[in-house]
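The values are calculated or read from the model by the stated rules, or taken from the named source; none is laboratory data. A quick note: this is a predicted structure, and the numbers were derived from the prediction, not measured. Here Cβ is always computed from backbone atoms with ideal geometry, including for glycine, and neighbour counts include all displayed protein chains.
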Amino acid sequence: MTLHTTGDGLARPKLLVLGATGKTGQLIVKQALARGYDVRALVRSPEKAKGLEGVEIIAGDARDEKALRNALKGRDAVVSALGTPASPFREVTLLSSATRSLVNAMRAEGIQRLVCVTGMGAGDSAGHGGFLFDHVIFPALLRKVYADKNRQEAVIRDSGLDWVLVRPSVLNDKASRPPVRALTDLYGFHGGSIARADVASFVLDQLQSDAWLHRAPLISW
């Protein structure tokens, strides 16, 4: 990842975060700042970003390619922590449409590194959430959301970018408890949980590591 130089002459990674006002997104921003990143966030509602101190806020819709290109100017990498509420009845398209626009914008701006948070239940991690998640929560509340997460992952896999898909197990707000398990062989894995703080840390690690490049690890405690 090529680093841009800040005004003080120091090379600090310049990061764009999507989904920065969500619970996990806020922790990604907080930890990125602690690591010395120059952080910019594209947010639909700036009033929801008032708690994101030390972050450059740009107002815009993540589905708008023009807004994304503006937000990407001078950035080194992108983290997408976009989420969407459970949707038992309505079709969900936000994640895939925003990601399609993001990929186009990143190509146009010459930015390669993308780390995207999806979730346990996407792609080949489906059926590994444990009985309650797989047979009750997923079919009743998340089926349409995960159909869109699958479309989102497909867009990224076909993007030609330097991508990592991060699939957290069931999220909680507990204190960080490393080490995190990162798995692509899910034989024998049936459910798990992980703190949002540990997800944020794992996501940021992928910005300057190729350990999981072009792969989709499921992460859990």
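Here are some notes:
- Options LEU95, LEU141, LEU68, LEU132: the member that is closer than 28 Å to SER220 by Cα and within 18 Å of the chain's Cα centre (by Cα): LEU95
One line per residue, one yes/no per condition, for (1) out of contact with any Asp or Glu (no Cβ under 6 Å at 6 or more places or on another chain); (2) surrounded by fewer than 18 Cβ atoms within 10 Å (Cβ to Cβ); (3) closer than 22 Å to GLY191 by Cα; (4) modelled with pLDDT of 95 or more:
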position: ALA62; (1), (2), (3), (4): yes, no, no, yes
position: GLY74; (1), (2), (3), (4): yes, yes, no, yes
position: PRO85; (1), (2), (3), (4): yes, yes, yes, no
position: ARG90; (1), (2), (3), (4): yes, yes, no, no
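- All conditions but one from (1) modelled with pLDDT under 95; (2) among the small types (Gly, Ala, Ser); (3) closer than 22 Å to LEU33 by Cβ apply to ALA81; the one that does not is (1).
- Condition check for GLY191 on (1) closer than 13 Å to LEU218 by Cα; (2) of a type outside the set (Phe, Trp, Tyr); (3) at pLDDT 95 or above: one failure, at (3).
- Taken together, the residues in segment 151-188 that are part of a helix (DSSP H, G or I) and either surrounded by fewer than 17 Cβ atoms within 10 Å (Cβ to Cβ) or of a type in the set (D, E, K, R) (or both) amount to 4.
- Enumeration of residues in segment 15-60 that are among the hydrophobic types (A, V, I, L, M, F, W, C) and not in a strand (DSSP E or B): ALA20, LEU27, ILE28, VAL29, ALA32, LEU33, ALA34, ALA49, LEU52, VAL55
- Qualifying residue in segment 79-88 (condition: in contact (Cβ under 8 Å) with a residue 60 or more places away in the chain, in contact with a Gly (Cβ under 7 Å, 6 or more places away or on another chain) and in a strand (DSSP E or B)): yes
- Count of segment 20-42 residues which are over 23 Å from THR84 (Cβ atoms) and in contact with a strand residue (DSSP E or B) (Cβ under 9 Å, 6 or more places away or on another chain): 3
- Residues located in segment 97-118, provided they are crowded, with 23+ Cβ neighbours inside 10 Å and assigned to a loop (DSSP other than H, G, I, E, B): ILE111, THR118
- Within segment 182-221, the set of residues being of a type in the set (D, E, K, R) and closer than 21 Å to SER80 by Cα comprises ARG196, ASP198, ASP205, ASP210, ARG215.
- Selected residue (only one of ARG44, ARG35 is over 16 Å from the mean Cα position of the chain (by Cα), at pLDDT 95 or above and either surrounded by 14 or more Cβ atoms within 10 Å (Cβ to Cβ) or among the charged types (D, E, K, R) (or both)): ARG35
- Taking every residue in segment 128-143 that is surrounded by 15 or more Cβ atoms within 10 Å (Cβ to Cβ) and pairing it with any residue that is hydrophobic (A, V, I, L, M, F, W, C) and assigned to a loop (DSSP other than H, G, I, E, B), at least 6 positions away or on another chain, the pairs with Cβ-Cβ distances below 7 Å are HIS128/LEU186; HIS128/PHE189; LEU142/ALA86.
- Of residues in segment 160-180 being over 15 Å from the mean Cα position of the chain (by Cα) and of a type in the set (Lys, Arg), the one nearest to SER209 (Cα to Cα): ARG177
- Here is the figure for segment 61-78: residues that are outside any loop (DSSP other than H, G, I, E, B) and more than 26 Å from ASP205 (Cα to Cα) total 3.
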